[in-house]
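Take a look at the structure set out below.
No value in this document is a laboratory result; all are computed from the given coordinates. Only a predicted model underlies this, so the values are computations on that prediction, with no experimental measurement involved. Every residue, glycine among them, receives a Cβ derived from its backbone with ideal geometry; neighbour counts consider all protein chains shown.
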């Protein structure tokens, strides 16, 4: 009899094991609501709320966005080299004529327009894409930078602005002698 029970237990699945059994139901919680439907409903309510104020999903003005709805700003690094402050901006695909640089006493402004056109001819199709967008980057200059003698160079999509950097004035540390004396007098009078 023991052999027979072992044989039947091998052919019949265990009733308390759920590891390999498919889930039953339609993916809802015990309350009958799917978490995904809650999130979808929340998104619809937020769209309705912003719509009441005249802001739909496309409320960002096109002038502030670049390719595929993303804003673009050039990568910039600022460093000191041989007593000069160097500002280097990566502007791939641009020409010198596409970039405008302005300097004031407190900052450097780099602005311009990116344009790219792509055409593709294939067997039975023609595809053309054009992207246009302005960019603007304002960088504060560190104290000691001298924008009056600045120069700018543009080569292979890299803009480099250099200007003399004043050397920081450092004073040598000195010891201060501590004197012994009476307690400091208070200027406030007691009432």
Any idea how far apart residue 155 and residue 36 come out in nm if each label point goes 7 Å out from Cα toward Cβ? 5.6 nm
The FRET efficiency for residue 131 and residue 73, from their Cβ-Cβ distance with R0 = 22 Å and rounded to 0.05, is 0.90
What full-extension length gain, to one decimal in nm, is calculated for residue 169 and residue 119 as 0.36 nm per residue of separation minus the Cα-Cα distance? 12.3 nm
Taking only the C-alpha atoms, wrap a convex hull around the stretch 70-125 and report its volume per residue in Å³ as a whole number. 134 Å³
Pop a pseudo-label 7 angstrom from the Cα along the beta-carbon direction at both residue 97 and residue 178 and give the gap in nm to one decimal. 7.1 nm
